[in-house]
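Enquirer: Okay, here's the structure, questions in a sec.
The values are calculated or read from the model by the stated rules, or taken from the named source; none is laboratory data. If you're wondering where the values come from, they're calculated on a predicted model, not measured in any experiment. Here the Cβ positions follow ideal geometry from the backbone for every residue, glycine too, while neighbour counts run over all protein chains shown. Keep in mind that these areas ignore ligands, DNA and RNA; they rest on the heavy atoms of the full protein, side chains included. Shrake-Rupley method; radii C 1.70, N 1.55, O 1.52, S 1.80 Å.
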Amino acid sequence: MAYSEKLIDHYENPRNIGSLDKSSEDVGTGLVGAPACGDVMKLQIKVGPDGLIEDAKFKTFGCGSAIASSSLVTEWVKGKTIDEAETIKNTDIAKHLALPPVKIHCSVLAEDAIKAAIADYRAKTTKKDEAQQAAE
Amino acid sequence: MTAITQIRRNDQPIYLDYQATTPVDPRVLEAMMPYFTHKFGNPHSRSHSYGWEAEEAVEKARAQVAKLIGADEKEVIFTSGATESNNLAIRGVAEFYKDRKNHIVTTVTEHKCVLDTCRHLEQQGFEVTYLPVQKNGLIDLEVLRAAVTDKTVLVSIMAVNNEIGVIQPLAEIGKICREKKAFFHTDAAQAAGKIPLDVEAMNIDLMSISGHKIYGPKGIGALYVRRKPRIRLVPLIVGGGQERGFRSGTLPTPLCVGLGEAAEIAMKEMDAESKRLAKLQARMLKGLNAKLTDIHVNGDLEHRIPGNLNIGFAYVEGESLMMGIKGLSVSSGSACTSASLEPSYVLRALGVEEDMAHTSLRIGLGRFTTEHEVDTAVDELVHHVNKLRAMSPLWEMAQEGIDIKSIEWAAH
């Protein structure tokens, strides 16, 4: 199977590998996929006081396409608001990396990972707001 | 001819996929060459020397193949390969004896061409029992004994598994089949020329052999069909009645010669080559174990051909690992189905967890594998496993002491 240059570049030189402190209030963590299916993605975003995503990190267990898809989205979400990041579609990822048809699910998983990280971040901030309101 | 130490060009990756196919041994090619050119006769032509010369070559090859498995040359027929041999053996026997017996016993870890043939027969009304295998990949002889009934016409169990290299207890299986009066067919594509085989001592009635797994050409194989007592088969291909009527069609003389020569070389060199490969296999395992933790050999290591390793590198997905190790040509756990995303059915049959099955590679060592290649392969594997583990969330969890099985994963 011939992969695109962009895909190979992301696989060989993955951007933003690593982990952020998942207990931190400004960090949202998404963990999607399943080992038995051969793909697990952990994607984390750190949201600054201005509401922009200032950092993103990933770790992925999966094929080259899964690694490239997650690496790519960490680049894409940085500097975006969480509302903007939420609009990233799996089709954009698949198109950018020229994923072959059998690998489309990798881009779907990457989209799910962003959404899960955003949902986690939102849940944390809602909880924080509620806690503040209760305190007031 | 001097021993060949290297067959690949320096710009080619190191070939570690000897269960998929093997290169034609230069000695084999040399034996074949004249039969492409000036000795081109039809081995079935009886009226001139071109035909006689070709026939003599084909019959010599038949004897060479027969000798490898302790058979009589009259019991060996040429086919296009092990897939055809397996089809012919199973379908041929099933159809011929269908009025008396309609049950076939095989195992879940057979090659697809055996399983598919059995499925096909099931659709036609035959009954098939698919025996499970134990954790080490070997069948349980008592389970086999219990499965064979007076309706069982054929037991088809592979000699050596193509993915995990384990050797089934052929002599014991043959004994049970003989006692129970069922024919015993074995797919020996991965076994012939690699382990000693004797159709008499092992009570084997039918045996499939492949040319290209033993440094012979692709497109040729053989089927051993016992004559005493005589096994009858309905042919798949009819026509001129060649090969005792079991397989019509003009024999491809150069390919037959190649298979024969390959069989003879394999037989002569079997002892020394097995020892050499066992050393390489041990060297590779030792090298990997010295530098990596959490690796696991799938299938029995004792009852195994020395040219095979099937290793799970925990927390690293096999396909991404293969993409990294560009200097090595290996196969993923799911050899035949690399286009699908399913983990190997063979590994699953062993009870290998699906997540571990996804981390497994098949590494095949063979006649042209060198110590240097093994060492290079170890270095490259270690480098990429470490690199991929550094980006694996599962590895991170394992290091933090989190049990991956305790997490409720959402299947997708």
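Enquirer: May I ask you to say which residue of B:VAL108, B:VAL24, B:VAL65, B:VAL93 is touching a strand residue (DSSP E or B) at 6+ places or on another chain (Cβ under 6 Å), open to solvent by 10 Å² or more (accessible area, probe 1.4 Å) and in contact (Cβ under 8 Å) with a residue 60 or more places away in the chain?
Expert: From the options B:VAL108, B:VAL24, B:VAL65, B:VAL93, the qualifying one is B:VAL108.
Enquirer: Which count do you get for residues in the range A:73-96 that are in contact with a Gly (Cβ under 9 Å, 6 or more places away or on another chain) and closer than 10 Å to A:ILE114 by Cβ?
Expert: 1
Enquirer: Give me the residue from the range A:116-136 that is charged (D, E, K, R) and open to solvent by 70 Å² or more (accessible area, probe 1.4 Å) and, out of that set, farthest from the chain's Cα centre (by Cα).
Expert: Out of the qualifying residues, it is A:GLU136.
Enquirer: Restricting to the range B:332-350, name every residue that is at pLDDT below 60 and either in contact with a strand residue (DSSP E or B) (Cβ under 7 Å, 6 or more places away or on another chain) or over 16 Å from A:ALA36 (Cβ atoms) (or both).
Expert: Within the range B:332-350, B:ALA335, B:CYS336, B:THR337, B:SER338, B:ALA339 qualify.
Enquirer: Got a sec? Which of B:ALA290, B:ALA262 is free of Cβ contacts under 8 Å to residues at least 60 places away in the same chain, at negative phi and part of a helix (DSSP H, G or I)?
Expert: Selected residue: B:ALA290, the only one of B:ALA290, B:ALA262 that is free of Cβ contacts under 8 Å to residues at least 60 places away in the same chain, at negative phi and part of a helix (DSSP H, G or I).
Enquirer: Of the residues in the range B:186-220, how many are among the basic types (Lys, Arg) and under 16 Å from B:GLU163 (Cα atoms)?
Expert: Total meeting the criteria: 2.
Enquirer: Looking at the range B:344-366, can you tell me whether even one residue there is among the aromatic types (Phe, Trp, Tyr), within 14 Å of chain A (Cβ to nearest Cβ) and open to solvent by 10 Å² or more (accessible area, probe 1.4 Å)?
Expert: No, the range B:344-366 contains no residue that is among the aromatic types (Phe, Trp, Tyr), within 14 Å of chain A (Cβ to nearest Cβ) and open to solvent by 10 Å² or more (accessible area, probe 1.4 Å).
Enquirer: Identify, please: which residue in the range B:91-117 is part of a helix (DSSP H, G or I) and within 17 Å of the chain's Cα centre (by Cα) and is, among those, nearest to B:PRO235 (Cα to Cα)?
Expert: Ranking the candidates gives B:THR117 first.
Enquirer: Then there is this: Mind listing whichever residues of the range A:23-56 are of a type in the set (S, T, N, Q) and within 17 Å of B:ILE402 (Cα to Cα)?
Expert: The answer is A:SER23, A:THR29.
Enquirer: Let me ask something else. Looking only at the range B:282-306, filter to residues that are touching a strand residue (DSSP E or B) at 6+ places or on another chain (Cβ under 6 Å) and not aliphatic (A, V, I, L, M); which one of those is nearest to B:LYS387 (Cα to Cα)?
Expert: For the range B:282-306, the residue satisfying everything is B:HIS296.
Enquirer: Is it the case that B:ILE173 is aliphatic (A, V, I, L, M) and open to solvent by 10 Å² or more (accessible area, probe 1.4 Å)?
Expert: Judged against the criteria, B:ILE173 is not a match.
Enquirer: From B:GLY245, B:GLY240, B:GLY221, grab the single residue that is within 20 Å of B:ASN87 (Cβ to Cβ), among the small types (Gly, Ala, Ser) and open to solvent by 60 Å² or more (accessible area, probe 1.4 Å).
Expert: Being within 20 Å of B:ASN87 (Cβ to Cβ), among the small types (Gly, Ala, Ser) and open to solvent by 60 Å² or more (accessible area, probe 1.4 Å) holds for just one of B:GLY245, B:GLY240, B:GLY221, which is B:GLY240.
Enquirer: Could you pull out the residue among A:GLU86, A:GLU111 that is more than 17 Å from A:LYS42 (Cβ to Cβ) and modelled with pLDDT of 95 or more?
Expert: Testing whether each residue is more than 17 Å from A:LYS42 (Cβ to Cβ) and modelled with pLDDT of 95 or more leaves just A:GLU86.
Enquirer: Shifting gears a bit: Looking at A:ALA119, A:ALA98 in this structure, which one is under 19 Å from A:LEU7 (Cα atoms) and of a type in the set (Gly, Ala, Ser)?
Expert: Residue meeting the stated conditions: A:ALA98.
Enquirer: Kindly indicate whether any position in the range B:80-87 is assigned by TED's automatic domain parsing to the domain that holds B:ARG145, in a loop (DSSP other than H, G, I, E, B) and either open to solvent by less than 60 Å² (accessible area, probe 1.4 Å) or over 22 Å from B:LEU154 (Cα atoms) (or both).
Expert: Yes, that holds for at least one residue.
Enquirer: Quick one: count up the residues across the range B:381-405 that are buried (at least 17 other Cβ atoms within 10 Å of the Cβ), within 14 Å of chain A (Cβ to nearest Cβ) and not polar (S, T, N, Q).
Expert: Selection size over the range B:381-405: 13.
Enquirer: Follow-up question, since we're still on this one. Would you check if there is a residue in the range A:98-113 being over 27 Å from B:ARG348 (Cα atoms), assigned to a loop (DSSP other than H, G, I, E, B) and within 14 Å of chain B (Cβ to nearest Cβ)?
Expert: Yes: one or more hits.
Enquirer: Exactly one of these conditions fails for A:ALA135: (1) in contact with a Leu (Cβ under 9 Å, 6 or more places away or on another chain); (2) more than 13 Å from every other protein chain (Cβ to nearest Cβ). Give me its number.
Expert: (1)
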